[in-house]
Structures are given as structure tokens and as C-alpha cells.
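The values are calculated or read from the model by the stated rules, or taken from the named source; none is laboratory data. Note that the structure is a prediction, hence the values are computed from the model and not measured. Note: ideal-geometry Cβ built from the backbone for every residue, glycine included; neighbour counts use all protein chains shown. In case anyone asks, the SASA skips ligands and DNA or RNA and just uses the protein heavy atoms, side chains included. Shrake-Rupley method; radii C 1.70, N 1.55, O 1.52, S 1.80 Å.
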Amino acid sequence: MTPENESDNAKGTYDLYIMRHGIAIPRGSEGFSDDSKRPLTPQGKEKMRDIAKGLKRLGVELDWIVSSPLVRAVETAEVVAATLSSNTPTDRSEVLSPGGSPESLIPFLAKHPTRRRVLLAGHEPDLGELAARLIGAGRHANLPFKKGGCCLITFDQFPPKSAGQLVWWLTPRIMRKLG
């Protein structure tokens, strides 16, 4: 977010950052038969710290972080919160679990109207489909995120009555270089 965005936010814009979780232990790894328990790898945590430093350099300030309850997404949210050095409230929501409903996400977020700078940490392909729908690209469009990738979509009002504006879409590599 830039200083211009901060003044826009004071006027009531809603900033939604959508981020895919970082690199996790591979599916089927010994000791991780339950997909929901797979943590970030040490390299995944390190890369997420660098990505979060990129967010910080962009001037991102958050009012709320919401993650899927799966371990890798929770750890991603924790790394972002710690790196941004904030006391940002963090929550977990089943809505962001794999297969979660985009239709359920907006009412969930709208329950907290004062939290207008929100980061979501979740999974593919759901996040790409969500981002596409939020910017009006259609129900069947998909904008895939790489692990640790992030975008910013802004809305003039929330809950939105029209499509949001895609401000930026950054790969993990670019975000790490920013940091």
C-alpha cells in the first residue's frame, strides 16, 4: 500500500490481499498422512519471511489476517504477522479450507466492518478462482497463485456491489526481491 492508498482507505476503501500458503512438506511424506497437518518446510518458512519483507517494503499494513485452518496456511499467516511486526488479529476460517465457498467468504469478512485491510492465506485452486470472481473475470476463470504469491484487490465498498480492482499481482520471486 502506498501513502495514496492509506488516504483512500480512510475514505472507506477495502484492501483485500490474497496469498497462497508457502512451500509445505510434500503430500504423502512420512508422518504426514493427514493433508491438513502438513507444515511449511524450513525453506518454505524462510521464503515466506522474505516474501513478507516484500509486503512490508510495499507499505502493507493489515487490520486482520484470516487463514485456512490447515497448518501450512496458519504458519504462512503467522510468518506474515510476525514479519510485519504487528499485533494484527489473526483468525482461522473453514471458508478458506480447500473446497471452501467463495460465496461464504464475503459475509464472513463483512462481519468485521472496521477491518478494512485484510490478508487471506489459503490454497489453490480456490484462491485463484476467488480472485478471478472478485475482479469480475467470471465464475470459470482462474488466476493461479504460485506458493507464496499474493495479489491486492481493492473495493470502493464492502461487501462489494461491483467488481473489485486488481491493483497488483506479484509472484513470490518478485516479492522476495522487493524484501
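What are the pairs with Cβ atoms under 6 angstrom where one residue, in the stretch 10-29, is touching a residue at least 40 places away in the same chain (Cβ under 8 Å) and the other, located anywhere, is basic (Lys, Arg) and open to solvent by less than 10 Å² (accessible area, probe 1.4 Å)? Sequence gap at least six, or different chains.
Listed by first residue and then by second, the contacts come to His21/Arg72; Ala24/Arg72.
Which strands (runs of 3 or more DSSP E) sit wholly inside the stretch 81-179 and have at least 1 residues that are under 14 Å from the mean Cα position of the chain (by Cα) and among the small types (Gly, Ala, Ser)?
117-122
Tell me, which residue of the stretch 134-153 that is in contact with a Leu (Cβ under 8 Å, 6 or more places away or on another chain) and closer than 23 Å to Leu62 by Cα is surrounded by the most Cβ atoms within 10 Å (Cβ to Cβ)?
Cys150
Out of the residues in the stretch 22-60 that are acidic (Asp, Glu) and at pLDDT below 95, which is most open to solvent (accessible area, probe 1.4 Å)?
Checking each candidate, the answer is Glu30.
Pick from the stretch 94-133 the residues that are aliphatic (A, V, I, L, M) and farther than 19 Å from Ala77 by Cβ: which of them is surrounded by the most Cβ atoms within 10 Å (Cβ to Cβ)?
Ala132
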